1. In degrees from 0 to 90, rounded to the nearest 10, what is the angle of the helix 386-401 Cα long axis to the longest principal axis of the chain?
2. Which order do ARG163, ARG190 fall in if you start with the one that has the fewest other Cβ atoms within 10 Å?
3. Measuring from label point to label point, each 7 Å out along Cα→Cβ, what is the ARG202 to ARG357 span in nm?
4. Of CYS433, CYS185, how do they rank once you tally other Cβ atoms within 10 Å and put the fewest first?
5. Taking a cut-off of 20 Å between Cα atoms, list the lysines near LYS380, but don't count ones fewer than 8 places away on the same chain.
6. With 10 angstrom as the radius, rank SER166, SER245, SER454, SER385 by how many other C-beta atoms surround their C-beta, starting from the fewest.
7. If you line up the long axis of helix 283-313 against the longest principal axis of the chain, both from Cα atoms, how many degrees apart are they, to the nearest 10?
8. A 25 angstrom limit on the alpha carbon distance is what I want to check against. Which of LYS195/LYS246; LYS195/LYS225; LYS195/LYS472 exceed it?
Amino acid sequence: MTCNESETFPILSGLEENIKRIKEISGGSSDVLINEFTTGGISCALICCEGMMSSQTAAEMILGPVTGIGRQGSAKELFDHIQTNLLLSTDRPMAHDYDTLFRLLNSGFAVLIAEGMGYALAFGVQGYASRGIQEPSGEGNIMGSHEGFTETVRTNMSLLRRRIKSPELVMELMVKGEQSHTDICLCYMRDRVPKRLLDRIRRSLDDIEMESVLSTGYIRPFLEKRCFEIFSSTGVTERPDVLCSKLIEGRVALLIDGVPYAITVPRLFWESFHTLDDYAYKPYYATFGRWLRYGAFIIAVLLPAIYTAIVMHHPELLNSTLLMLLADAEKNAPLPILAESLIVLLMYEMIREAGIRLPKPVGGAVGIISGLIIGDAAVKSGLVSTPLLTMTALAVLGGLVVPDLAPQVTVLRLAFLLAGGLMGVFGISLLACAVLTNVCATEDYGFPFTAPVSPFVSSGTGDTAVRLGMRKMLRRGFTVEAYHEQDK
């Protein structure tokens, strides 16, 4: 019999047999602590996992009260007395099999077993080290909250509950991963989310069969369609306030233990261009900011491709002065303009990847060295022209304005560059039609990725290209439930 098979067996009634089985399943792991003692005339054992629980809390709240129990007639009377007369912790589940026992044990619970009892009592005394609540690293804002999710799922649940105190907010805990036994929390507003959407998401989660869940990337593919999608139809956020706003709109969220990001379903294309500060400023400034981000996205994707296409295939589109300037800049370059563009873009991607993966003090130095030395040397040596380097820098800067779409911008920028370099503006137009078709065809659980613009839902247009005043937005609130009702 393997350890995995024995985990599903019910807990034995004999204390010595129980302890022996627990040691077999754990493989004699040093962090599994088994403390045998006698209380009320019954032989017992308190089992805990070192580093996952608070020793002081366990001694004060469990060992002290339990060892002080008077004589009992049987183990059942002892457990009944503990359950009825002692409030050792607020979280007190029971384990009837070894799989549940080890899941609780590895989640920071102290587990009590006794001679003659076929189940175990567990007490929540978690005390493992965790990172405190800090400012989000990737979704900065000026006038909003500076709290971000942490790696502890129950802390993240409390951050949501602090902001939405309504009993309509439901948080369901489940376990995924045959080996990792990762806690996953399904969050939704009971009065806002469509039942059809919630049922389909539950079915998708039930179909997940994997050994471990270590990041959002392990779960998101199971919540999306299997066909090819350029843009992901599920979103992620590390801000509790942003997630609360999506829950109020009728979305569903998933919190994963060990991951400081939440998954949101479904996601809209326009959300990548919204920030929390949009709702803190006047509508005219928020609208200006959004159009700035839309323009930055277009520049980030198309500018190198359009420059290459015009220089190689359509010089007649330029006036004579600009044409002479570009011709003079490119005449000394030893490589074709398309090869130059690819080299510069790939060089930037390598610099960016190095800056991310290296330690932070070294990562900053990489950017300085690359910008001042490599870029300047490439221009002076004649390998890269100054206009091309300028266009590439503007495109890179535009991509930094919409960090949520960084993976898509990186790939689309190179794809459009190749299309423009090989077929000119016609190739760019052809690829743009293909991308637009893919984006419009993207949906998640029947909810279009481009809603509320395509298909058009008038109640949602006040918070897409423009941002109306708060009073008008409250009267024209757009929710997932409203869309589904209109779709019917």
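1. Around 30 degrees separate the two axes.
2. On the way: ARG163 17, ARG190 12.
If I rank by nearby Cβ atoms, fewest first, I get ARG190, ARG163.
3. My value for the distance between the label points is 4.3 nm.
4. Values: CYS433 10, CYS185 19.
Fewest-to-most ranking of CYS433, CYS185: CYS433, CYS185.
5. LYS331
6. On the way: SER166 10, SER245 17, SER454 13, SER385 23.
Ranked by crowding around the Cβ, least crowded first: SER166, SER454, SER245, SER385.
7. 60
8. Details: LYS195/LYS246 16 Å; LYS195/LYS225 19 Å; LYS195/LYS472 28 Å.
The pairs that break the limit, which is 25 Å between Cα atoms, are LYS195/LYS472.
Every read-out reported here was derived from the displayed coordinates using simple, explicitly stated rules and does not represent laboratory data. Just so we're clear, the structure is a prediction, and the values are computed from it rather than from any experiment. Because the Cβ atoms are built from the backbone with ideal geometry, glycine has one as well, and the counts that use them run over all protein chains shown.
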